[in-house]
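Values quoted throughout were computed directly from the atomic coordinates according to the rules given, and no laboratory measurement underlies them. Here the structure is a predicted model, which is why all the values come from computation and not from measurement. Neighbour counts run over all protein chains shown; Cβ positions are idealised from the backbone, glycine included.
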Amino acid sequence: MTPVASADRARQAREYESLRNRLFVVRLLLTALTLALFHFSGGSAQLAAGLRAHCGAWWPVSNGLYVLTAVFGFAAFSFPLSFYEEYALESRYGLNRQTFGGWLWDYVKGLLLELALALVFFEVLYALLRWAPDGWWLLATVFYVVFSVGLSAIAPVLIMPLFHKFEPLDNPELVARVTEFAQRAGLQVTGVFRWGLAEKTATANAALAGLGRTRRIILGDTLLTGYSTEEILAVLAHELGHQRHHDLTRLLVVGTALAGLGFWLLHLVLEKLSAAAGFAGAADIAGFPILVFCLFLFSLVTMPLVNWYSRRREYAADAYAVATLGAAAPLVTALDKLALQNLDDREPAAWIEFLLHSHPSIARRVAAARAAEPHG
Ligand SMILES: [Zn+2]
């Protein structure tokens, strides 16, 4: 790329980053506004009463229908935003490769998945609120662990294949090299899979996914073309670093601690608020907008902490990759290429990175990788 083209790309990346941050704020406001409207208009109380009248005394049915209606209603309400965020904006910046029909089909599948997950999650949460009015928050934390572990374990085999094709990596040289890295580190060799991103997006990605027997490294096909073997190995070594450091488990532990705190605070709020807000008690589904708003607020407030921890794990995985390869150069050039390809702002404002980013900026990762390079 010529310097002019590269400067142009950097300007585009800043613009794209700033638009996405604005959209994030718009989504926050829209979520808060919808929940407030749903509660204060009396819509939630009406829906709960109507469903109870129709379904009789069997609360799991009326609660389930309530959750499905609320989640579907919110999705319908925010559809224009989802369309703009996921399709129009990505197309405008040349990152999207899907037709509108293709995108819509993925959106529908995503929505069905969301409805199913919300149904399970809130049915259990409301059952616990009903059965254990004092200790529900502790049981909910245990449920959160089971739910998250289950989701992580099935994600690469049951959820991700709904959206992308996965095949065992067909490059014997790469597989041999990464197997050698893993064995040297005393790691159990997990599968390495080619992640079919190219038919849908121009962006590249790689990840460690799954738990236990489903654990695997997945590598975007968008990364397998245009990157040298050494660069791909650097990315693979980074993912092995996550595995070596047990980062999925660590994040799960942090998530569980925060979930416990969040549910406990929610318990206190619901006890205080239920009577004042005019519903029968914490287990009354009419209070759903308040319950969701509390969880939403809590996850928003703790997001910088989770992101801070995640960024630390990313630096550690980068350092592991540099140590494994004995040099920083392959990782540095891979990160540079990824930034260009994914239209990442190389150096976003520090406060934006602090609040919103789960990964350190490319400029900081490159600097840290160079600093981690073994000398002499
Ligand atoms: Zn990583």
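Averaging over all projection directions, the Cα-based convex hull of region 1-114 occupies 9.1 nm² in the image plane. Dividing the helix sum by the residues of the chain, where each DSSP H run of 4 or more adds -39500 (n - 2.57), gives a mean residue ellipticity at 222 nm of -23500 deg cm²/dmol. Taking R0 as 30 Å, what's the FRET efficiency between LEU138 and ARG213 from their Cβ-Cβ distance, rounded to 0.05? The computed FRET efficiency comes out at 0.50. Membrane-span-like helices in the chain, defined here as complete DSSP H runs extending at least 27 Å along the helix axis by their C-alpha atoms with mean Kyte-Doolittle hydropathy no lower than 0.5, are 100-131, 247-277, 288-325; this is a sequence and geometry rule, not a statement about a membrane.
Taking only C-alpha pairs under 8 Å that are 6+ residues apart, what is the relative contact order of the chain in percent? Walk me through the intermediate numbers first.
Values: 404 pairs, mean separation 72.9, N = 376.
Relative contact order, the chain: 19 percent.
Rg/Rh for region 9-372 stands at 0.99; both radii use Cα atoms, and Rh follows the Kirkwood definition.
Pairs of Lys residues in the chain are counted when their Cα atoms are under 25 angstrom apart and they lie 8 or more places apart or on different chains; the count is 5. For the chain, the residue among VAL124, ALA283, VAL108 whose Cα projects farthest onto the positive side of the dipole built from Cβ charges is ALA283. Counted by Cβ distance under 14 Å from THR249, the other residues give a net charge of +3, where Lys and Arg count +1 and Asp and Glu count -1. The slack in the chain from ALA329 to LEU162, taken as 0.36 nm per residue of separation less the alpha-carbon distance, amounts to 56.5 nm.
Think of each Lys and Arg Cβ as +1 and each Asp and Glu Cβ as -1; about the Cα centre, that makes the dipole of the chain roughly 280 debye. Residues VAL178, VAL269, VAL253 in ascending order of nearby Cβ atoms (within 10 Å, fewest first): VAL253, VAL269, VAL178.
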